[in-house]
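Beneath this line is the structure, given in structure tokens, with notes to follow.
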Amino acid sequence: MLRAGIVGLPNVGKSTLFNALVANTAAQAANFPFCTIEPNVGVVAVPDARLAVLAELSKSANVVPTRMEFVDIAGLVAGASKGEGLGNQFLANIREVDAIVHVVRCFDNDDIIHVSGSVDPIRDIEVIDLELGLSDLAQVERRIDRVRKQARSSKEAQVELEILERIVAVLNEGQPARAIDLNEEEELLIKNLGLLTRKPIIYATNVSEDDLADGNDWVKQVQELAASQNAQVVVVSAQVEAELVELPEGDRADFLEALGVEEGGLKSLITATYTLLGLRTYLTTGEQETRAWTIRAGMTAPQAAGVIHSDFERGFIRAETVAYDALVENGSMNAAKDKGLVRSEGKEYVVREGDVLLFRFNV
């Protein structure tokens, strides 16, 4: 299961957001005692309205969404790359995740002290980026020292050395390692470094309930910065999400409507993070269950079948495939078949987002 790490300065709303993520998605959460070292971990359901529709069509007994993992990492501070605030451990926690959700404070509240004394999201982002970049720089420079000796007799080491030197140059310019384009083979050469600034990132701008509908000037600043980095921004209110948790299910829609929104932003955050990780969903449906399955973009039909069980991949014969929209429009698999909308796909077929699949296999 792929993991997204929630990072940011202290008192920006990370833990409040994490707790709401776990509670609002009916997650199966494994929470470790929070302290300055150990992160909190929660497995959350990925919202998918298609499941309820398919379950109704198939009269399914069960509905099973796909899931992903979020990790609440304790607040970083300036100097973390040099060990400030147990920063080395925090950075190691970030190194273990697949993507970063950077929570940025975009609200003012005199009762919640800002570690820098004032609200300034761009400055806060630069503090985190600097610490991640300095950590990466130290790691890459150490690796260069080892690889340079190997490069005298190894062509692979020569290629790695060239990549590492390009990364150092970018980091020294204050840019993240993800600014460098690498092919698949080159990516594998540096994968073990777990570079922090090469991980994909989403900015979660945490606003007050009054600014949830339209954002504010601080959000606009983050959006402008994110656009220059080709990164995504999700507007969310940890305050609103914490209040929603306490409300009965039937009262939540009315509460959000009064704020001028349909949701507090958590669903958007989960979905955006899922997409950022390069994940896709295919669906299976029948009387027993309707279920969402997670695959990586570009997976073939046999590989997608293997997500269910290795026997499905090993004995793959074909996949009966229909697009979700086509199935729903026609009301049943049989009706879709009658119109020629159900295809028989072989081993080379690349599964698409929203495909409804039935695998044929023989072991």
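The values are calculated or read from the model by the stated rules, or taken from the named source; none is laboratory data. Everything numeric here is computed off the predicted structure, so don't read it as measured data. Positions of Cβ are generated from backbone atoms using ideal geometry, with glycine treated the same way; all protein chains shown enter the neighbour counts. Just the protein is used for accessible areas: all its heavy atoms, side chains included, with ligands, DNA and RNA removed. Shrake-Rupley method; radii C 1.70, N 1.55, O 1.52, S 1.80 Å.
Of the residues Arg152, Arg142, the single one that is loosely packed, with under 13 Cβ neighbours inside 10 Å and not in a loop (DSSP other than H, G, I, E, B) is Arg142.
Being over 30 Å from Leu269 (Cβ atoms), out of contact with any Asp or Glu (no Cβ under 7 Å at 6 or more places or on another chain) and touching a residue at least 12 places away in the same chain (Cβ under 8 Å) is a property that Arg142 lacks.
One residue is enough: does the stretch 114-125 have a residue meeting the conditions surrounded by 18 or more Cβ atoms within 10 Å (Cβ to Cβ), hydrophobic (A, V, I, L, M, F, W, C) and either modelled with pLDDT under 90 or in a helix (DSSP H, G or I) (or both)? Within the stretch 114-125 (the criterion being surrounded by 18 or more Cβ atoms within 10 Å (Cβ to Cβ), hydrophobic (A, V, I, L, M, F, W, C) and either modelled with pLDDT under 90 or in a helix (DSSP H, G or I) (or both)), the answer is yes, since at least one residue qualifies.
Say whether the condition of being within 15 Å of Glu131 (Cα to Cα), open to solvent by less than 50 Å² (accessible area, probe 1.4 Å), in a loop (DSSP other than H, G, I, E, B) and in contact with a Lys or Arg (Cβ under 9 Å, 6 or more places away or on another chain) is met by at least one residue in the stretch 177-192. No, that holds for no residue. Considering only residues of the stretch 260-278 that are in a helix (DSSP H, G or I) and of a type outside the set (A, V, I, L, M, F, W, C), which is farthest from Val245 (Cα to Cα)? Once the filter is applied, the top-ranked residue is Thr275. Whenever a residue of the stretch 5-20 is touching a residue at least 24 places away in the same chain (Cβ under 8 Å), its partners that are open to solvent by less than 10 Å² (accessible area, probe 1.4 Å) and in a loop (DSSP other than H, G, I, E, B), lying with C-beta atoms within less than 6 angstrom and at least six residues away or across chains, give the pairs Gly5/Ile73; Gly5/Val97; Val7/Ile73; Lys14/Gly8. Selection of the stretch 224-238 for residues being open to solvent by 50 Å² or more (accessible area, probe 1.4 Å), in contact (Cβ under 8 Å) with a residue 12 or more places away in the chain and in a helix (DSSP H, G or I) yields only Gln229.
Residues of the stretch 239-282 that are buried (at least 20 other Cβ atoms within 10 Å of the Cβ), closer than 16 Å to Ala45 by Cβ and of a type in the set (Val, Ile, Thr): Ile270, Thr273, Thr281.
Assess whether Leu212 counts as being open to solvent by less than 80 Å² (accessible area, probe 1.4 Å) and closer than 21 Å to Arg142 by Cβ. Taking the combined requirement at face value, the residue does not satisfy it.
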